[in-house]
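*Asks:* If you scroll down you'll find the structure; I have some questions about it.
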Amino acid sequence: MPAATVVDVVDQPSTLRLVTERELPQWLATQSAALQNWLPRSGFKPEHGRWLALPIESGSRTVLVGAGEALSDPAQLLWLGAGLGDRLPPGDYALENEFADARDEIIATGWTLGSYRFNRYRKSAGNALPRLRRPGAASGDTLAAMHAGTWLARDLINTPANDMGPAELEAAARAVAEQGGGELQVTRGSLLTTGFPLVAAVGQGSPREPRLLDLRFRKPGAPKVTLVGKGVCFDTGGLDIKPAAGMLLMKKDMGGAACALGVARALRLLAVPVDLRVLIPAVENSVDGASFRPGDVWRSRKGLTVEIGNTDAEGRLVLADALHAAGEDSPDLLIDFATLTGAARIALGPELPPVFGGDPQLVASLVQQGAAVADPLWPMPLWNGYEDELSSRIADLNNAPSSGLAGSITAALFLRRFVADPARWLHLDVYGWNPRDRPGRPAGAEAHGVRAVTAWLRQKFG
Ligand code: BES
Ligand code: MN
Ligand code: ZN
């Protein structure tokens, strides 16, 4: 993890003056005649995210930052901060007018997001980054926790599958356990086959041994929160193999696991008092003579049998056993993250993960938190009318609905069959990826939902 770019002590910072389109003329009227003369001819417009270093007049450097029409929305603030943290010349900066409210934390969070780089496979360590003096109302602990959780999730997702198989995902989980004072229990081999038969079935075609990671940070008496993350380290589709274009990004199919670990890391740094458990089925969905097959019928941990309509619908299989195991512990809250369906991206695009849950109020409250921290989520229905899509002629369930419609919903309905108490369950169908390059959101991994869920759990239980 690189050094934080929001710091408590800076040396002679340049001043960042945020101005909206409306404020600019008033502000300029208070400046020197020379500046009043120069600025209009500089071509500067106070559009959101534009900036201009002013000529030094009195020894201190000021950078004028366009704030557009207003900075009312958390997302506007976050991405403004990200653009500055990403692109300003290296050096130290401070806000001239801190907000002294929640906005300070959002802009500073954006600044740190703007500093994300994935340099593991590059010779050069990258350029120096600008640093921001931490605004007064931004908690350093919160910034550090969100930074750590987001970085962890993004780094795990960005790491290619040759360096991020089930064993490496296990090592990452072990590191999170050790850093946060937890324990990791790993189930493999014959115990996996008997205890988590669907996880074993999906992983049996890979030479990289499938496993179930069970991470616990025990706190007896505290609310029990269990996170589940889809840890498919590479998804070829299995025997129902994906075409090249569909397979290209499938190193990110452990994105749910990465996000769950990111939340766990952040919650531990913030010492949120919950009895925390993280379950990760870690597998590779490979093409091999030993692979599970279309048409197979497998008995799940819960006892329900599943006919394999499509080996590419593997995420719901590995999650089924993990969700059922989670329920055996009766958690107060069960949250899963999964790069589960292409249909979620068709419905809402790459930056708005659907969230499902049996209690609409619980869903709404998480959605609201997501908006407040500019890590947006959108509610989607567990539409009972589509339940029959899960039916099979010879087994209790089929993993691949034949209609192909409402794929994100039918996948969520499949998961619900394995959840002990759907009213205490939330399911995030995350994309885990930014297709476009933008400040704070470079093309590549995205830690969808990590800040939203962390902030929400902290608010609920902290
Ligand atoms: N990992 C994919 C889903 C996915 C694909 C997420 C592309 C993000 C981008 C998942 O395992 C999968 O292949 N799902 C199939 C399910 C279908 C076979 C019922 C899908 O969505 O097409
Ligand atoms: Mn798949
Ligand atoms: Zn998958």
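*Asks:* With (1) surrounded by fewer than 17 Cβ atoms within 10 Å (Cβ to Cβ); (2) of a type in the set (Gly, Ala, Ser); (3) touching a strand residue (DSSP E or B) at 6+ places or on another chain (Cβ under 9 Å) as the list, and Ala411 as the residue in question, which single condition is left unmet?
*Replies:* Unmet for Ala411, out of (1) surrounded by fewer than 17 Cβ atoms within 10 Å (Cβ to Cβ); (2) of a type in the set (Gly, Ala, Ser); (3) touching a strand residue (DSSP E or B) at 6+ places or on another chain (Cβ under 9 Å): (1).
*Asks:* Go through segment 275-325 and tell me which strands (runs of 3 or more DSSP E), entirely inside it, have 2 or more residues that are touching a residue at least 40 places away in the same chain (Cβ under 8 Å), touching a strand residue (DSSP E or B) at 6+ places or on another chain (Cβ under 8 Å) and within 21 Å of Pro401 (Cβ to Cβ). Don't jump to the end; show me each part of the working.
*Replies:* On the way: elements: 275-285, 297-299, 305-307.
It comes to 297-299, 305-307.
*Asks:* Mind counting the residues in segment 233-263 that are of a type in the set (A, V, I, L, M) and surrounded by fewer than 24 Cβ atoms within 10 Å (Cβ to Cβ)? Break it down stepwise before answering.
*Replies:* Keep residues of segment 233-263 that are of a type in the set (A, V, I, L, M), which gives 239, 241, 244-245, 247-250, 254, 257-258, 260-261, 263.
Among the residues that remain, those that are also surrounded by fewer than 24 Cβ atoms within 10 Å (Cβ to Cβ) are: 239, 241, 244-245, 247-250.
Qualifying residue count for the region: 8.
*Asks:* Which residue pairs have Cβ atoms under 6 Å apart, sit 6 or more places apart or on different chains, and have a first residue in segment 130-156 that is open to solvent by less than 10 Å² (accessible area, probe 1.4 Å) and a second that is part of a loop (DSSP other than H, G, I, E, B) and aliphatic (A, V, I, L, M)?
*Replies:* Pro130/Leu88; Ala145/Leu270; Thr150/Ala447; Trp151/Met1; Ala153/Ala447; Arg154/Ala447
*Asks:* What number goes with the only condition from (1) more than 19 Å from Cys259 (Cα to Cα); (2) open to solvent by less than 60 Å² (accessible area, probe 1.4 Å) that Pro360 does not pass?
*Replies:* Pro360 satisfies all of (1) more than 19 Å from Cys259 (Cα to Cα); (2) open to solvent by less than 60 Å² (accessible area, probe 1.4 Å) except (2).
*Asks:* Looking at Ala70 and the list (1) under 15 Å from Leu18 (Cα atoms); (2) out of contact with any helix residue (DSSP H, G or I) (no Cβ under 8 Å at 6 or more places or on another chain), which single condition is not satisfied?
*Replies:* Condition (2) is where Ala70 drops out.
*Asks:* Does any residue of segment 436-447 turn out to be assigned to a helix (DSSP H, G or I) and within 30 Å of Gly81 (Cβ to Cβ)? Lay out the reasoning, then the answer.
*Replies:* Taking segment 436-447 and keeping what is assigned to a helix (DSSP H, G or I), we get none.
No, there is no match, as no residue in segment 436-447 is assigned to a helix (DSSP H, G or I) and within 30 Å of Gly81 (Cβ to Cβ).
*Asks:* Given Ala411, Ala443, Ala447, which one is farther than 30 Å from Ala145 by Cα, modelled with pLDDT of 95 or more and within 16 Å of ligand 1 (Cβ to nearest atom)?
*Replies:* Working: Ala443 fails: farther than 30 Å from Ala145 by Cα; Ala447 fails: farther than 30 Å from Ala145 by Cα.
Step by step, each of Ala411, Ala443, Ala447 is checked, and only Ala411 is farther than 30 Å from Ala145 by Cα, modelled with pLDDT of 95 or more and within 16 Å of ligand 1 (Cβ to nearest atom).
*Asks:* Just to be sure before I move on: is Ala266 at negative phi, open to solvent by 20 Å² or more (accessible area, probe 1.4 Å) and away from ligand 2 (no atom under 13 Å from the Cβ) in the structure I sent?
*Replies:* Values: at negative phi: yes; open to solvent by 20 Å² or more (accessible area, probe 1.4 Å): no; away from ligand 2 (no atom under 13 Å from the Cβ): yes.
Spelling it out, it is not the case that Ala266 is at negative phi, open to solvent by 20 Å² or more (accessible area, probe 1.4 Å) and away from ligand 2 (no atom under 13 Å from the Cβ).
*Asks:* Being open to solvent by 60 Å² or more (accessible area, probe 1.4 Å) and at pLDDT below 95 narrows it down to one residue among Asn119, Asn97; which is it? Even if it seems obvious, please write down each step before you answer.
*Replies:* On the way: Asn119 fails: open to solvent by 60 Å² or more (accessible area, probe 1.4 Å).
After ruling out the rest, the residue left standing is Asn97.
*Asks:* Using the structure shown, decide if Arg438 is surrounded by fewer than 19 Cβ atoms within 10 Å (Cβ to Cβ), under 26 Å from Gly149 (Cα atoms) and in contact (Cβ under 8 Å) with a residue 40 or more places away in the chain.
*Replies:* Values: surrounded by fewer than 19 Cβ atoms within 10 Å (Cβ to Cβ): yes; under 26 Å from Gly149 (Cα atoms): yes; in contact (Cβ under 8 Å) with a residue 40 or more places away in the chain: yes.
So Arg438 passes the test.
*Asks:* Can you confirm whether Val363 is closer than 16 Å to Ala153 by Cβ, more than 16 Å from ligand 2 (Cβ to nearest atom) and aliphatic (A, V, I, L, M)? Lay out the reasoning, then the answer.
*Replies:* Working: closer than 16 Å to Ala153 by Cβ: no; more than 16 Å from ligand 2 (Cβ to nearest atom): yes; aliphatic (A, V, I, L, M): yes.
No, not satisfied.
Listed here are the residues, each with its yes/no results for (1) within 13 Å of ligand 2 (Cβ to nearest atom); (2) over 21 Å from Gly303 (Cα atoms); (3) part of a helix (DSSP H, G or I).
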{"position": "Leu198", "(1), (2), (3)": "no, no, yes"}
{"position": "Glu209", "(1), (2), (3)": "no, yes, no"}
{"position": "Leu212", "(1), (2), (3)": "no, no, no"}
{"position": "Val228", "(1), (2), (3)": "no, no, no"}
{"position": "Val232", "(1), (2), (3)": "yes, yes, no"}
{"position": "Gly237", "(1), (2), (3)": "yes, yes, no"}
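*Asks:* In segment 341-357, which residue that is among the aliphatic types (A, V, I, L, M) and in a helix (DSSP H, G or I) is surrounded by the most Cβ atoms within 10 Å (Cβ to Cβ)? Even if it seems obvious, please write down each step before you answer.
*Replies:* Filtering segment 341-357 for residues among the aliphatic types (A, V, I, L, M) gives 343-344, 346-348, 352, 355.
If we keep only those that are in a helix (DSSP H, G or I) as well, we get 343-344, 346-348.
Details: Ala343: 18, Ala344: 26, Ile346: 10, Ala347: 17, Leu348: 18.
Top of the filtered list is Ala344.
*Asks:* A further question on this structure: Mind telling me which of the residues Ala258, Ala264 ends up being more than 15 Å from ligand 1 (Cβ to nearest atom) and either outside any strand (DSSP E or B) or not polar (S, T, N, Q) (or both)? Give the derivation first.
*Replies:* On the way: Ala258 fails: more than 15 Å from ligand 1 (Cβ to nearest atom).
Ala264 is the lone residue from the list that is more than 15 Å from ligand 1 (Cβ to nearest atom) and either outside any strand (DSSP E or B) or not polar (S, T, N, Q) (or both).
The values are calculated or read from the model by the stated rules, or taken from the named source; none is laboratory data. Keep in mind that what you see is a predicted model, and the values were worked out from it rather than measured. Methodologically, a virtual Cβ is constructed for each residue, glycine included, from the backbone with ideal geometry; neighbour enumeration extends over all protein chains shown. Accessible surface areas use protein heavy atoms only, side chains included; no ligands, DNA or RNA. Shrake-Rupley method; radii C 1.70, N 1.55, O 1.52, S 1.80 Å.
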